[in-house]
Amino acid sequence: MNTFAILIGLGPFVGWGLYPTIASKIGGKPENQILGSTIGTFIFALIVTLSLKIQLPVGMNFVFSVLSGIGWASAQIITFQSFTLIGSSRAMPISTALQLIVTSLWGVLALGDWPSSFEKTVGSLALILIICGAWLTVWTENKSHEDKQTLKKAILLLVIGQVGYWAYSAAPQAAHVSGLQAFLPQATGMVLVSVVYAIFLSLKHQRKSAIKEKISYKHIISGFFFAFAALTYLISAQPNMNGLATGFILSQTSVVLATLSGIWLLGQNKAKREMFVTVLGLVLIVVAASMTVLV
């Protein structure tokens, strides 16, 4: 596997690692966060597309690319809701583990990633280690009944959201277009979902729409971080780079930065023993992701 492909594959470490912390730091409701984030992503994608003179896909390829963005935005709305329940530093590892199970298995079973027995063995072991690592990061020393119920509710939300994340990763592969070609149509799908969501909530609750709230537009900044990660991931997941399974696992090392930045910058504090177990879990994730470079 070439060095350039690995570096591209680690681009999401920075973008997606800081994205949930920045979004949580700016604050606002989930509809504010998703609206600003998707607008920021659309602006970034439009600049990249125009600067590089990228030819957009047509027909069903365009539709699949838009559906990919719709899937992500739908899933991210649910993820933002889980942040309000258990915080980003706990929600992100859970989301990571679930996404790894769904997307990596799709890459292996449907797209032919990790074709040899050795690659399947190493990749499967890496997947197991990442799941174990993610579980360690949400371990708590003292669990109350209320905490357990809140955690269960957050996990249920994140499980539902995996359908959208799966569509985000799988749809561009079905379209047979490059990551750069899919980028702007994806961003278009994201903005469509966030605008419809904001309008729906304002009508349902008879309140001011997120479209008219200033805080929504502050989230354009977090959208730039997401867009950088999305672009590098889309390129990394192409068959001539890292492939979907390995590219996705490399991208999910972002959970390390997302977890630690959530703890340090958002005050989502952990007890000394909890912090030790969390760091151990993050080390497992990094080691496992490094293993995928071998395949």
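The values are calculated or read from the model by the stated rules, or taken from the named source; none is laboratory data. Model, not experiment: these values are computed from the prediction. Using ideal geometry, Cβ is built from the backbone for each residue, glycine included, and neighbour counts are taken over all protein chains shown. SASA here: full protein model, heavy atoms, side chains in, ligands and nucleic acids out. Shrake-Rupley method; radii C 1.70, N 1.55, O 1.52, S 1.80 Å.
Would you check if there is a residue in the stretch 170-190 being of a type outside the set (Phe, Trp, Tyr), open to solvent by 50 Å² or more (accessible area, probe 1.4 Å) and either under 28 Å from residue 26 (Cα atoms) or modelled with pLDDT of 90 or more (or both)?
Looking through the stretch 170-190, none of the residues is of a type outside the set (Phe, Trp, Tyr), open to solvent by 50 Å² or more (accessible area, probe 1.4 Å) and either under 28 Å from residue 26 (Cα atoms) or modelled with pLDDT of 90 or more (or both).
Return yes or no: is residue 266 in contact with a helix residue (DSSP H, G or I) (Cβ under 7 Å, 6 or more places away or on another chain), among the hydrophobic types (A, V, I, L, M, F, W, C) and surrounded by fewer than 21 Cβ atoms within 10 Å (Cβ to Cβ)?
Against the criterion (in contact with a helix residue (DSSP H, G or I) (Cβ under 7 Å, 6 or more places away or on another chain), among the hydrophobic types (A, V, I, L, M, F, W, C) and surrounded by fewer than 21 Cβ atoms within 10 Å (Cβ to Cβ)), residue 266 qualifies.
For a quick check of your reading of the model, give me the residue pairs whose first member lies in the stretch 94-109 and is buried (at least 20 other Cβ atoms within 10 Å of the Cβ), whose second is polar (S, T, N, Q) and not in a helix (DSSP H, G or I), with beta-carbon atoms closer than 8 Å and at least 6 apart or on different chains.
Within 8 Å, the pairs are 96/252; 99/252; 100/252.
Quickly run through the stretch 55-100 and pick out the residues that are modelled with pLDDT of 90 or more, in contact with a helix residue (DSSP H, G or I) (Cβ under 9 Å, 6 or more places away or on another chain) and part of a loop (DSSP other than H, G, I, E, B).
Result: 55, 56, 57.
Quick check: is even one residue across the stretch 31-43 open to solvent by 50 Å² or more (accessible area, probe 1.4 Å) and either under 18 Å from residue 232 (Cα atoms) or not basic (Lys, Arg) (or both)?
Yes, the stretch 31-43 contains at least one residue that is open to solvent by 50 Å² or more (accessible area, probe 1.4 Å) and either under 18 Å from residue 232 (Cα atoms) or not basic (Lys, Arg) (or both).
Looking at the stretch 101-153 only, could you name the residues that are closer than 22 Å to residue 260 by Cα, of a type in the set (S, T, N, Q) and under 20 Å from the mean Cα position of the chain (by Cα)?
137
Identify, by number, the condition in (1) open to solvent by 30 Å² or more (accessible area, probe 1.4 Å); (2) of a type in the set (Ser, Thr, Tyr); (3) within 21 Å of the chain's Cα centre (by Cα) that residue 51 doesn't meet.
The single condition residue 51 does not satisfy is (3).
Any residue in the stretch 120-128 that is of a type in the set (Lys, Arg) and farther than 29 Å from residue 84 by Cα?
Checked the stretch 120-128: at least one residue is of a type in the set (Lys, Arg) and farther than 29 Å from residue 84 by Cα.
From the list 58, 66, pick out the single residue that is open to solvent by 10 Å² or more (accessible area, probe 1.4 Å) and in contact with a Gly (Cβ under 8 Å, 6 or more places away or on another chain).
Criteria check complete, one pass: 66.
Find the residue count for the stretch 101-118, including only residues that are touching a helix residue (DSSP H, G or I) at 6+ places or on another chain (Cβ under 6 Å), in a loop (DSSP other than H, G, I, E, B) and hydroxyl-bearing (Ser, Thr, Tyr).
The total comes to 0.
Of everything in the stretch 215-263, what is modelled with pLDDT of 80 or more, open to solvent by 50 Å² or more (accessible area, probe 1.4 Å) and closer than 20 Å to residue 68 by Cα? Give them in sequence order.
Listed by number, the residues that qualify are 224, 225, 228.
Any idea which of (1) open to solvent by 20 Å² or more (accessible area, probe 1.4 Å); (2) farther than 15 Å from residue 155 by Cβ; (3) not hydroxyl-bearing (Ser, Thr, Tyr) is the one residue 77 doesn't satisfy?
All conditions pass for residue 77, except number (1).
Restricting to the stretch 124-156, name every residue that is crowded, with 21+ Cβ neighbours inside 10 Å and farther than 18 Å from residue 233 by Cβ.
Scanning the stretch 124-156 gives 133, 134, 137, 138, 154.
Within the stretch 257-272, work out how many residues are under 10 Å from residue 88 (Cβ atoms) and not in a helix (DSSP H, G or I).
So the count comes out to 1.
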